[in-house]
Amino acid sequence: MQHEPRSVDAGHSRPDDASDELVAAVGRFGEAVEYIERVRGHLYAFHQLIGHADLLLDEVVEGLQATGHDHLAKLVQDDLLGANVLPGRWTFQIVEEFDDGYYATFKAIEKRVRDETMGGRRHVYEAEMKERRRTSGRPGHEATPGDAG
């Protein structure tokens, strides 16, 4: 069903020829990007956590050596300290590959789809949803920050 599209502002309004289905599909792509951004954040957390754990191993080696467990200190130092987390890769290499590959491709294609279908506008679907769901004239339900008192 096609409804009369209304948005909270001109910067988020749909192009005249955009159907509800197209707005919904592009909105879903925007949602997918949000998930990819979360994945990227988790990947950077993984990178930082692994790096911190690796640095803690210096203290482990020192503690094992200081308590006479040289063979265990050598095991940690030789097999864990500075080891690759994936074949040939430290986490910075994983992050770079993700950023330069899948992430960059995903973002570029989403932008192209948005540019070619929504005139580059972001969050068209959400802006229309906000306009449908808010109570016009009620405090806390203003369409834009400029409308807030």
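The values are calculated or read from the model by the stated rules, or taken from the named source; none is laboratory data. On a predicted model such as this, the values are computed, not experimentally measured, just so you know. Cβ: placed from backbone, ideal geometry, glycine included. Neighbour counts: every protein chain shown. Only protein heavy atoms, including side chains, enter the accessible area calculation; ligands, DNA and RNA are left aside. Shrake-Rupley method; radii C 1.70, N 1.55, O 1.52, S 1.80 Å.
Considered as a group, the residues in segment 108-122 that are without any contact (Cβ under 8 Å) to a residue 60 or more places away in the chain and of a type in the set (D, E, K, R) include one that is least open to solvent (accessible area, probe 1.4 Å), and that residue is Asp115. Quick check on segment 85-102: of everything there that is open to solvent by 70 Å² or more (accessible area, probe 1.4 Å) and aromatic (Phe, Trp, Tyr), which residue is farthest from Gln48 (Cα to Cα)? It comes out as Tyr102. Residue count for segment 51-76, restricted to those that are touching a helix residue (DSSP H, G or I) at 6+ places or on another chain (Cβ under 7 Å) and open to solvent by less than 80 Å² (accessible area, probe 1.4 Å): 8. Flag: Thr105 matches the condition of being closer than 30 Å to Gly11 by Cα, without any contact (Cβ under 8 Å) to a residue 40 or more places away in the chain, out of contact with any helix residue (DSSP H, G or I) (no Cβ under 8 Å at 6 or more places or on another chain) and open to solvent by 70 Å² or more (accessible area, probe 1.4 Å). Residue check: Tyr125 meets all listed conditions (1) in contact with a helix residue (DSSP H, G or I) (Cβ under 6 Å, 6 or more places away or on another chain); (2) of a type outside the set (A, V, I, L, M); (3) open to solvent by less than 40 Å² (accessible area, probe 1.4 Å) but one, namely (3). Is it true that some residue in segment 114-126 is at pLDDT 95 or above and of a type in the set (S, T, N, Q)? The answer is yes; a qualifying residue exists.
In this entry, Glu131 passes the filter for residues that are acidic (Asp, Glu) and modelled with pLDDT under 95.
Helices (runs of 4 or more DSSP H) fully within segment 43-149 that include at least 3 residues being touching a Gly at 6+ places or on another chain (Cβ under 9 Å): 104-118, 124-133.
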